[in-house]
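All of the numbers you see were taken from the coordinates with simple rules; none came from a lab. Since the model is a prediction, treat every value here as computed from it, not as a measurement. Cβ placement follows ideal geometry from the backbone for every residue including glycine, while neighbour counts extend to all protein chains displayed.
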Amino acid sequence: MEENKVVIVTGAGRGIGAAVAKELAKEKYNVVVCYNQSSEKAKNVYNQLVRYNTKPMMVKCDISNEQEIKQMVESVFVKYGRIDALVNNAAVCYDDLFQNKTVENFKETLNVNVVGTFLVSKYVGEIMYNQKSGKIVNLSSTNGINTYFPMCVDYDASKAAINSLTHNLAIQFAPYVNVNAIAPGFIATESEISGMDEEFIKLEEEKILLKRAGTEQDVANLVKFLISDQASFINNQVIKINGGFYGDC
């Protein structure tokens, strides 16, 4: 009997990461729930994955810490003997007025969102290259392409960097590893809409041709497709998932 494929999902304790983890478990992937601070939420996700008759794993890892990344990747490889897919979802965002932005927050945003994604991809990608197969999906954002807000200038810059990183990783790990990025638009996650008033949400939804915000499940469905065999010829792409934003017309 063929073994279930193994996928690491960073930032899997909540939001899009949790939705991705659950959707992939439904498809019988052995999901590694990688988290840093959301321990209780990550445990809840892990417990739900067990129900799908797979062999999930739960690992605490600060992706801004290279040593913790190396230990996490090694522990996953020791347990399963392979890594078939990686979803780089973990990120931080410090929304604030531009004039209140600090160097410390800016550096941390780049360190987690960009350097962290680079390091996890570096160590997982090496395993994938050696086994001559693998899929990497980076969670970017339309904030790094054509949607800009000075109050999240550091986050926007990090997501633009993720797009560049995606192209470089695709070249580095060719021809064995498919590397793509997903750039969500307005997705109604708990952290995204927290603090927003209804009027602002409606204004944002009016900019979308489908007249609604996206859901975590919308993103999870695209991730599922990109790491599947059906997407074997999709590589080196940044794919927007935004419901048809007017600015794209």
Mean-square fluctuation check for the chain, GNM, Cα pairs under 10 Å: which of F186, F173, F149 is largest?
F149
Obtain the nm distance between the two label points defined at R212 and S75 by a simple spin-label model: each point lies 7 Å from its Cα along the Cα-to-C-beta direction.
3.9
Chymotrypsin sites (Phe, Trp or Tyr not before Pro) restricted to DSSP loop in segment 55-106 with at most 14 other C-beta within 10 Å
none
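At a Förster distance of 22 Å, what's the computed FRET efficiency of E204 paired with N163, Cβ-Cβ distance as r, to 0.05? Provide the component values of the computation, followed by the final result.
Values: r = 22 Å, r/R0 = 1.00.
That gives a FRET efficiency of 0.50.
Could you work out the helix-only [θ] at 222 nm for the chain, with each DSSP H run of four or more residues adding -39,500 (n - 2.57) and the total divided by the number of residues, to the nearest 500 deg cm²/dmol?
That calculation yields -13000 deg cm²/dmol at 222 nm.
How large is the direction-averaged shadow of the alpha-carbon convex hull of the chain, in nm²? If you can, show how the numbers build up before the last one.
Working: hull surface 53.9 nm².
Hull-based average projected area comes out at 13.5 nm².
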Pick out, in residue order, every one of the GluC sites (Glu not before Pro) in segment 1-41 that is DSSP loop and has at most 10 other C-beta atoms within 10 Å; say none if there are none.
E2
Test of understanding: ordering L86, L139 by Cβ neighbours within 10 Å, fewest first, what list do you get?
L139, L86
Cα lying deepest toward the dipole's positive end in the chain, options F233, I16, F118, charges on Cβ
F233
Dimensionless Rg over Rh [segment 124-183; C-alpha; Kirkwood]
1.10
The chain, dipole about Cα centre (Lys/Arg Cβ +1, Asp/Glu Cβ -1), debye to the nearest 20
920
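Determine, from the Cβ-Cβ distance of K122 and A188 and an R0 of 30 Å, the FRET efficiency 1/(1 + (r/R0)^6), rounded to the nearest 0.05.
Working: r = 33 Å, r/R0 = 1.09.
For K122 and A188, the calculated efficiency is 0.35.
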With θ set to phi - 60° and the Karplus curve 6.51 cos²θ - 1.76 cosθ + 1.60, what are the ³J(HN,Hα) couplings of segment 226-241 in order, to the nearest whole Hz, using x for Gly and Pro?
5, 9, 8, 5, 5, 9, 5, 9, 9, 8, 6, 10, 10, 9, 7, 10
Trypsin sites (Lys or Arg not before Pro) lying in DSSP loop within segment 176-234, provided at most 13 other Cβ fall within 10 Å
K211, R212
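What's the local net charge at N163, with K and R +1, D and E -1, over the other residues with C-beta under 14 Å away? If you can, show how the numbers build up before the last one.
On the way: positive: K159, K240; negative: D156.
Counting the neighbours of N163, the net charge comes to +1.
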Evaluated over segment 117-249, the Cα radius of gyration and Dmax, each in Å
16.0, 52
Taking F245, F233 and counting other beta carbon atoms within 10 angstrom, the fewest-first order is F233, F245
Segment 35-157: C-alpha gyration tensor shape, a/c 1.5 cut-off, then a/b vs b/c
prolate
Modelled label reach - Q237, point 7 Å along Cα→Cβ, segment 71-102 residues with backbone N closer than 20 Å:
85-89
Spatial separation of Cα centroids for segment 139-163 and segment 194-233, in angstrom:
16
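Considering only DSSP beta bridges where both residues belong to the chain, give the percentage that are antiparallel (nearest 5).
Details: 1 of 28 bridges.
Of those bridges, close to 5 percent are antiparallel.
Ranked by Cβ crowding within 10 angstrom, fewest neighbours first, how are Y29, Y246, Y35 ordered?
Numbers: Y29 24, Y246 9, Y35 27.
Fewest to most other Cβ atoms nearby, the residues stand as Y246, Y29, Y35.
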